[in-house]
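K.L.:
Provided herewith is a single structure, encoded as structure tokens, for subsequent inquiry.
The values are calculated or read from the model by the stated rules, or taken from the named source; none is laboratory data. None of the values given here were measured: they were computed from a predicted structure. In this analysis, Cβ positions are derived from the backbone assuming ideal geometry, glycine residues included, and neighbour counts consider all displayed protein chains. Keep in mind that these areas ignore ligands, DNA and RNA; they rest on the heavy atoms of the full protein, side chains included. Shrake-Rupley method; radii C 1.70, N 1.55, O 1.52, S 1.80 Å.
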Amino acid sequence: MKHQKNFIVILGIILLALSSVAKAEEGVQGNWKNGRIYFRMVCTECHVQQAGGKITPAEKTKAEWLDYFEKNLHGPQDAPAKYVASYFVSQEYRESIKDTNRAAAKMLKISDEQLLADVKAFLVHTAKDSDQPSRCE
């Protein structure tokens, strides 16, 4: 009986630990490999050429990336509505850069929601506190 109680306590601790890991990646149902391609070829290129410098997934924790996507902000709080995070994976945006960006052209048929989920999955998968932090180098 004593061993059974110990087993139940240990099982409870393991389940709590697993649920906290799952909670950190909650809502991330995308294909992180597609997200990596898009992030590296579109987001990184734009940040290097136009937005003041390179940004890497390892600059934020999983929670910070999830918060970024939840708030859907890209840039300053007072930036025009067009500059929300979801805009930069939209068909409209991809269409506008397809002639100069192969990844945007290749991913035109992917829905906005799926591509956003893919990029989100990549950033969470390779965040600062992930098992494989990425510096995109």
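K.L.:
What's the number of the only condition in (1) modelled with pLDDT of 85 or more; (2) in a helix (DSSP H, G or I) that K23 fails to meet?
P.N.:
Unmet for K23, out of (1) modelled with pLDDT of 85 or more; (2) in a helix (DSSP H, G or I): (1).
K.L.:
Applying the selection to segment 55-107, what residues are open to solvent by 40 Å² or more (accessible area, probe 1.4 Å), modelled with pLDDT of 90 or more and more than 17 Å from the chain's Cα centre (by Cα)?
P.N.:
The answer is Q91, E92, E95, S96, K98, D99, T100, R102, A105, K106.
K.L.:
Could you please find all residues in segment 45-65 being touching a Ser or Thr at 6+ places or on another chain (Cβ under 8 Å) and in a helix (DSSP H, G or I)?
P.N.:
P57, A58, K62 - these are the residues of segment 45-65 that are touching a Ser or Thr at 6+ places or on another chain (Cβ under 8 Å) and in a helix (DSSP H, G or I).
K.L.:
Also, I was wondering about something else. Read through the list (1) open to solvent by 90 Å² or more (accessible area, probe 1.4 Å); (2) among the charged types (D, E, K, R); (3) part of a helix (DSSP H, G or I); (4) modelled with pLDDT under 90, then give the number of the only condition that K33 fails.
P.N.:
(4)
K.L.:
Those residues that are touching a residue at least 40 places away in the same chain (Cβ under 8 Å) and either touching a helix residue (DSSP H, G or I) at 6+ places or on another chain (Cβ under 6 Å) or among the charged types (D, E, K, R) (or both), I need them from segment 57-74; list them, please.
P.N.:
P57, E59, K60, K62, E64, W65, F69
K.L.:
I'd like to check something: does segment 32-51 contain any residue that is free of Cβ contacts under 8 Å to residues at least 60 places away in the same chain and farther than 21 Å from A105 by Cβ?
P.N.:
No, the conditions are met nowhere in segment 32-51.
K.L.:
Among the residues of segment 112-136, how many are in contact (Cβ under 8 Å) with a residue 12 or more places away in the chain, open to solvent by 50 Å² or more (accessible area, probe 1.4 Å) and assigned to a loop (DSSP other than H, G, I, E, B)?
P.N.:
Residues that pass the stated criteria total 4.
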